[in-house]
Each structure stands twice: as structure tokens, then as C-alpha cells.
1. Filter the range 71-111 down to the residues that are surrounded by 14 or more Cβ atoms within 10 Å (Cβ to Cβ), among the polar types (S, T, N, Q) and farther than 21 Å from R15 by Cα and list them by number.
2. Restricting to the range 249-265, name every residue that is surrounded by fewer than 17 Cβ atoms within 10 Å (Cβ to Cβ) and either among the acidic types (D, E) or within 16 Å of F11 (Cα to Cα) (or both).
3. Considering only residues that are among the polar types (S, T, N, Q) and within 20 Å of T212 (Cβ to Cβ), look in the range 223-271 and name the one that is farthest from the chain's Cα centre (by Cα).
4. Would you please name the residue that is farthest from the chain's Cα centre (by Cα), looking only at residues in the range 9-51 that are of a type in the set (D, E, K, R) and over 30 Å from M278 (Cβ atoms)?
5. I'd like to check something: does the range 162-184 contain any residue that is outside any strand (DSSP E or B), within 25 Å of P122 (Cβ to Cβ) and among the aliphatic types (A, V, I, L, M)?
6. Look at K166 and say whether it is touching a residue at least 24 places away in the same chain (Cβ under 8 Å), over 23 Å from M211 (Cα atoms), under 17 Å from the mean Cα position of the chain (by Cα) and surrounded by 18 or more Cβ atoms within 10 Å (Cβ to Cβ).
7. Is it true that some residue in the range 198-205 is more than 29 Å from L129 (Cβ to Cβ), surrounded by fewer than 13 Cβ atoms within 10 Å (Cβ to Cβ) and free of Cβ contacts under 8 Å to residues at least 24 places away in the same chain?
8. Suppose we filter the range 96-142 for residues that are of a type in the set (V, I, T) and either in contact with a Gly (Cβ under 6 Å, 6 or more places away or on another chain) or in a loop (DSSP other than H, G, I, E, B) (or both); how many remain?
Amino acid sequence: RDLSEFILPDFDEIRIGINAVKFDYYIGNSTLEAVWIPIFQSTIIPGANSIWVPKKPDFPMPVNYDYSNSEVEKKLSESEIAMKYSYLGSAIDFELMAAYMWDDNPAMHIYPQPDTTLLIKPEYHRLPLAGASFSKAIGGAVLRGEGAYYFDKRFAAEDLSVNGIKEKDYANYLVGYDHNWFGVNVSFQFIQEYIMNYENDMRNDEFSNTMTFLITEDFLRETLRVEFFTYYGIDNKDALLRPKVVYDIADGFEVQLGANIFAGEEGNFGQYDENDMMFMKVRYDF
């Protein structure tokens, strides 16, 4: 993912193109998929002088960085692989998947030094996972959900005797509801992350809860779309509000006008409270 501008670009712009080999096998309403990624691609983070640099933890002493272990070697043994089974049925659609991947974000290993400084060494680690998803139409609406279980993820901790890192399994899951009322599309999502066997000195919270809300409506024979999308961080009471108007001038040619409004004092969104902005975007697809 490209997070150099936080999560503000369109989803298709955040995703990074990678080289991969994909295999699909179809059996009736079922599909088996396998993806092999020979070269690992890490998350692109904001530059040091960017307004999107996330808030860093406070350390009790000066800090130095060692990037000698901050890259994954480009060899076959370090590649990634994922497999998925999907089923499309009249009653329900569902998917099952598993992957042997790398964590896209490095763990920050901390080493106390004799001169009373701290040496931080970013390092990437394997992150196996298993997951599932489903969607079901119910009375004109769609109920959907997905979840993933991650094994041995490295989390930041206060305990320097373990180099500020603790390995824990964690789960990430969501439930969503989509409906169209009289031409107005409405969508809700509840998202939760849960760290197993939690310890109090960990920098992440045991539970992280987020909600999203989306409402859209088309006007002028579907050439004008009015949209309002919101992320709400339940734990920190922070939010990102994203009103937007999209006008289709011609096929594949549109103009967007919108705003990104951050609210709160801390959390994923509140930390950017001073970064409110308006934007205009012209897009041409061909």
C-alpha cells in the first residue's frame, strides 16, 4: 500500500502494483485461486517532512537508527504465497483463504546502548494468516462480513528486556450492511482488531474499534453524485469526514470537489486534526 498521503487517495491509488503469478481453477460455482509473489513490496510510508508522518512514541533517552536489517532479500525463499477458495451461491457467497506473507510494516526492535542511548533497528517479519468472508442478500439489503487471524505479529511494547517487541496472535474482522432506500445508497461497517494474550505494557490497545458510514445519491440522470463518507474511531472519539461531489462531464471524464476534515485530539484520525483540506480533482479514464 502507498500511505504516503495517509488513506486519502482513492483505494485503487493506494494499492501498489506488484509482479505476481496467479492461477485460477473453476469448478461449477466454486473457484480456486493461488497467487505467488516472488518479490516482497513493503508499505510506502510518509516522508520525514510530510504532514502525514504518524505520531511517534516518546522515549526516555536519545534514539539512533540502524537500517541494516530493514530490507527483505530478493530470493525465492523470501517470496509470498496465498490461496483462496470462493463459492457463489443463490443463498450466500463466501470465501476461505490462507497466506504465508510478510508483515508490510517493519517491527521496531529497540536495543539499549552503553552510552545511555537507544538503537532502533527496523526489521520485517513473516506474518502467516487465515481468513474468511461472506455476503448474503436479505430483503433488498446485503449483509457481509470478513475476518482474518494473524499468527505471531510483532507488537511494540515498553519492556526493553525483549527489545520492545512482543509476539502475539491477533484477529481483524468486520461486519457490514448495505442498502438502497429510494435511490439513496447507505452502507455501515463495524471493524474491530483484537490482540490475543494481551499484556499491559504493549503500546497498542487490546481492542481497536472503528465504524464507517457511507451515503451516496445520484442526480441529473446519474451524471452528478453526492457522497459523504466517515471513519469514526470509537476508542479515541476521533473521525475523518469526507464529503464529495462528482460530476461526469463525459464518458470516462469527471470532476471531483471534496474535503477531508479530521476531528479529535488523538488516534488514527485525531492526530491529523490540523490537516483539514479541500480538494479538486479532474479524472480521465481511457
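Every number in this text was worked out from the coordinates using simple rules, so none of it is lab data. All values reported here derive from a predicted model rather than from experimental measurement. We place every Cβ from the backbone using ideal geometry, glycine too, and count neighbours over all the protein chains shown.
1. S86, the sole residue that qualifies.
2. D251, Q256, E265
3. Taking the range 223-271 first, the residues among the polar types (S, T, N, Q) are 223, 230, 236, 256, 260, 268, 271.
Now restrict to residues that are within 20 Å of T212 (Cβ to Cβ): 230, 236, 256, 260, 268, 271.
Working: T230: 15, N236: 18, Q256: 24, N260: 18, N268: 12, Q271: 17 Å.
Checking each candidate, the answer is Q256.
4. For the range 9-51, the residue satisfying everything is D24.
5. For the range 162-184, residues outside any strand (DSSP E or B), within 25 Å of P122 (Cβ to Cβ) and among the aliphatic types (A, V, I, L, M): present.
6. Answer is no for this residue.
7. From the range 198-205, those more than 29 Å from L129 (Cβ to Cβ) are none; that's our starting set.
No, the range 198-205 contains no residue that is more than 29 Å from L129 (Cβ to Cβ), surrounded by fewer than 13 Cβ atoms within 10 Å (Cβ to Cβ) and free of Cβ contacts under 8 Å to residues at least 24 places away in the same chain.
8. Summing the residues that are of a type in the set (V, I, T) and either in contact with a Gly (Cβ under 6 Å, 6 or more places away or on another chain) or in a loop (DSSP other than H, G, I, E, B) (or both) in the range 96-142 gives 3.
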